[in-house]
Amino acid sequence: MRVLYVFIDGVGYGEAGEKNPVCPEVCPTLCALMQDAVHLDTRLEVPGLPQSATGQATLYTGVNAAQVMGRHKEGFPGPTLCKLLQENNLFMELHRRGLSVCFADAYFADTADELAARRFKSVTTIMALTTPGVIRYQKDMLAGRAVLHDLTREAIIPKGYTGPLITPSIAADQILAIAAEHDFTLFEYFLTDIAGHSQNRERAEEVLRSLDTCLAGLLNGLDGDTLFILTSDHGNIEDLGTRGHTFNQVPLVARGPLAGQILAGATSLMDVMPHLLRILCPQGDNTR
Ligand SMILES: [Zn+2]
């Protein structure tokens, strides 16, 4: 069995209405997935609005990172969260257990040293740097073996990219091809969070439509041996009435083999990693 894990930043369950672009008219596939999903709490028993660094660190370590920090940490992880992620994370743990792991997002960079030297590193970059062979570069993207975080590559035009653009459907095909070659593949999409902060309904719809086309392509092309998982770190885009994040719950979607075991009993961001390890490495040590 293989796993394709799609992480979408800043998508929660909100009240239907003018302020919520996450609706069937805009993103029918995402809405259908969310309807079938388990709802996860993102507050992690720590006061304040849920944030990305602590939420994502929790998803990828299984440890309550907000509690470790004593608060919700936005944006990029600082020393404490870096240490937590460098000690153990989903990529490391699966690699240690002999599984092939891939981070399907293409970096607009050429080497790991270049990434390591960046001043601000995301949770996924810190975790990708801990594990050999998971990082994909610009050359991989150009060869169709990695997908830029925005699906279409438009985001790197201002950074000097002059190559071809691709459609969200082609991005989906490429993600599926990458997933077919690995035991575990992660794809991260964060334009949803940025669009949420913008409070711009038009931009939010544009981002959600693009994502939805990709999701439809992924679901269409999934083989029977691949477990599809989708989740988020906190709410945001589902309430354009506020510039910040929300306290709303987020979806945990699982489709395919052993989906029921991913969902059963999951109530918070902390539950995703242990459930994944349990099904991917049933003989392994899952006690940590
Ligand atoms: Zn945000």
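Quick note: the coordinates plus some simple rules give every number you see, no bench work behind them. Values in this document were obtained by computation on a predicted structure and should not be read as measured data. Glycine also receives a Cβ, built like all others from the backbone with ideal geometry; neighbour counts cover every protein chain displayed.
Of all beta bridges that DSSP places with both ends in the chain, some 30 percent have antiparallel geometry. Working from Cα pairs under 8 Å separated by at least six residues, relative contact order for the stretch 4-161 is 17 percent.
For the stretch 101-150 versus the stretch 37-86, the spacing of their alpha-carbon centroids is 22 Å. Considering only alpha-carbon pairs that sit under 8 angstrom and 6 or more positions apart, the relative contact order computed for the chain is 35 percent. Dipole of the stretch 2-280 computed with +1 at Lys/Arg Cβ and -1 at Asp/Glu Cβ about the Cα centre; of ALA216, LEU148, ASN88, farthest Cα towards the positive end is ASN88. Full extension of the chain between THR162 and ASP225 yields a length gain of 19.0 nm, computed as 0.36 nm times the residue separation minus the alpha carbon distance.
Have a look at ASP113, ASP271, ASP140 and tell me which one the Gaussian network model of the chain (Cα, springs below 10 Å) gives the largest fluctuation. Answer for the Gaussian network model of the chain: ASP113. With the cut-off at 1.5 for a/c, could you classify the stretch 172-288 from its C-alpha gyration tensor as rounded, prolate or oblate? Since a/c reaches 1.5 but b/c is at least a/b, the shape of the stretch 172-288 is classed as oblate. Restriction of the chymotrypsin sites (Phe, Trp or Tyr not before Pro) in the stretch 7-83 to DSSP coil positions whose beta-carbon has at most 14 other beta-carbons within 10 angstrom yields no sites. Across the options ALA204, ASN20, HIS245, the greatest Cα extent toward the positive end of the charge dipole of the chain (unit charges at beta carbon of Lys, Arg, Asp, Glu) belongs to HIS245. Shape index of the chain: Rg/Rh, with Rg the Cα radius of gyration and Rh the Kirkwood radius from the inverse mean 1/r over Cα pairs, equals 0.93. Counting only Cβ charges, +1 for Lys and Arg and -1 for Asp and Glu, the dipole size of the chain around its Cα centre is about 700 debye. Which longest run of the chain has no exposed loop site in it, a site being GluC sites (Glu not before Pro) in a DSSP loop with at most 12 other beta carbons within 10 Å, and the site itself not part of the run? In the chain, the maximal stretch lacking such sites is 46-180. For the chain, the 222 nm mean residue ellipticity estimated from helices alone, with every DSSP H stretch of n ≥ 4 adding -39500 (n - 2.57) and the total spread over all residues, rounds to -11000 deg cm²/dmol.
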